[in-house]
Amino acid sequence: MYYIGLFVKRLFDFFSSLIAIILLLPIWIIIPIWIKIDSKGPVFFKQERRTKNGKVFKMLKFRSMVVNAESMGTGLFNYQDDPRVTKSGRFLRNTSIDELPQLFNILIGQMSIVGPRPCVKYELGDYDTLNKKYKKRFKMKAGLTGLAQVKGRNDISWDDKVVYDGIYIDKFRKWGFLYDIKILFSSVFKVFKKENIYENKVDDSISDEESSKRAEEEIIRIAHLPDEE
């Protein structure tokens, strides 16, 4: 059942991403023009992320921030009214259109439509020393959407996301591709509601930069806690 589910999942990923890429032809023309008019820099943002078994690949997005934003301000964290986000980028993020180029990652097999969201290469610290709870999420190919995104997206902690990722992997083993279909329908409603787009600060009394620093350190600490007996 599990391997049949993986086979059906890959067929769905390939054909659905191919069809979507073709149908979204106007997007591939209009959005790049808007991005280039709005700010200096490339149309696409490429970032090293991790997928199944910790393999690193370059994930694509439409660029929604100023160039080199990752090395400025709050780094990987994006809070409300982030000054690094461009005018076009705010719309792209609010509508999740910035994520559409990942259809090409899905088409060539680096990602799946449904699965744990791919973390930035260094986001969780050293991959080899992750505890079992955090490493479990890498048993499945990274996804465009997933159970964690349906349950809260950026409104829940990294640890909660990892718990949901683990639940997804267990449910997929039991229900196969049918569980992906359920998540897909829930994801569509989530996008239209435009909920939980931005991350929450760990403490509203401190600066965004300090909040992101504390959050980053805590994520790495928890990801490397000793395994529970």
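Overview of values
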| item | result |
| --- | --- |
| Within the chain, helix-based [θ] at 222 nm, where runs of 4 or more DSSP H residues each add -39,500 (n - 2.57), nearest 500 | -15000 deg cm²/dmol |
| Amide H contacts of LEU76 (H built 1.01 Å from N, under 5 Å, at least 5 apart or other chain) | none |
| Cα centroid of region 88-153 to Cα centroid of region 13-58, whole Å | 14 |
| Rounded to the nearest 20 debye, dipole of the chain from Cβ charges on Lys, Arg, Asp, Glu | 1100 |
| Under 5 Å, built H, 5+ apart or other chain: amide partners of MET65 | THR86 |
| Of LYS61/LYS133; LYS136/LYS174; LYS58/LYS135, pairs whose Cα-Cα distance is over 18 Å | LYS61/LYS133; LYS58/LYS135 |
| Whole-percent pair-distance distribution, where bins are 5 Å wide, for the alpha carbons of region 1-94 | 2, 11, 16, 18, 18, 14, 11, 7, 3, 1 |
| Convex hull of Cα atoms in the chain, direction-averaged projection (nm²) | 12.7 |
| Listed residues PRO26, PRO101, PRO42, most fluctuating in the chain (Gaussian network, C-alpha, under 10 Å) | PRO26 |
| 16 Å cut-off, amide nitrogen to a point 7 angstrom out along SER71 Cα→Cβ, residues in region 22-48 | 41-42, 46-48 |
| Taking the chain and dividing mean pair separation by its residue count, relative contact order in percent (alpha carbons under 8 Å, at least six apart) | 24 |
| Ranked THR86, THR95, THR145, THR129, criterion: other C-beta atoms within 10 Å, fewest first | THR129, THR95, THR86, THR145 |
| Placed amide H near SER112: partners under 5 Å, 5+ positions off or other chain | ALA142, GLY143, LEU144 |
| Leading residue at positive end of dipole, the chain (Cβ point charges), from LEU11, ALA223, GLY75 | LEU11 |
| Fewest-first ranking of PHE62, PHE177, using other Cβ atoms within 10 Å as the exposure measure | PHE177, PHE62 |
| Sorted by Cβ neighbour density within 10 Å, fewest at the top, the residues LEU100, LEU107, LEU25, LEU147 | LEU25, LEU107, LEU100, LEU147 |
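Laboratory data are not the source of any read-out in this text; all were calculated from the coordinates shown. Because the structure is predicted, anything quoted here is derived from the model rather than measured. Here the Cβ is made from the backbone with ideal geometry for all residues, glycine too, and neighbour counts use every protein chain on show.
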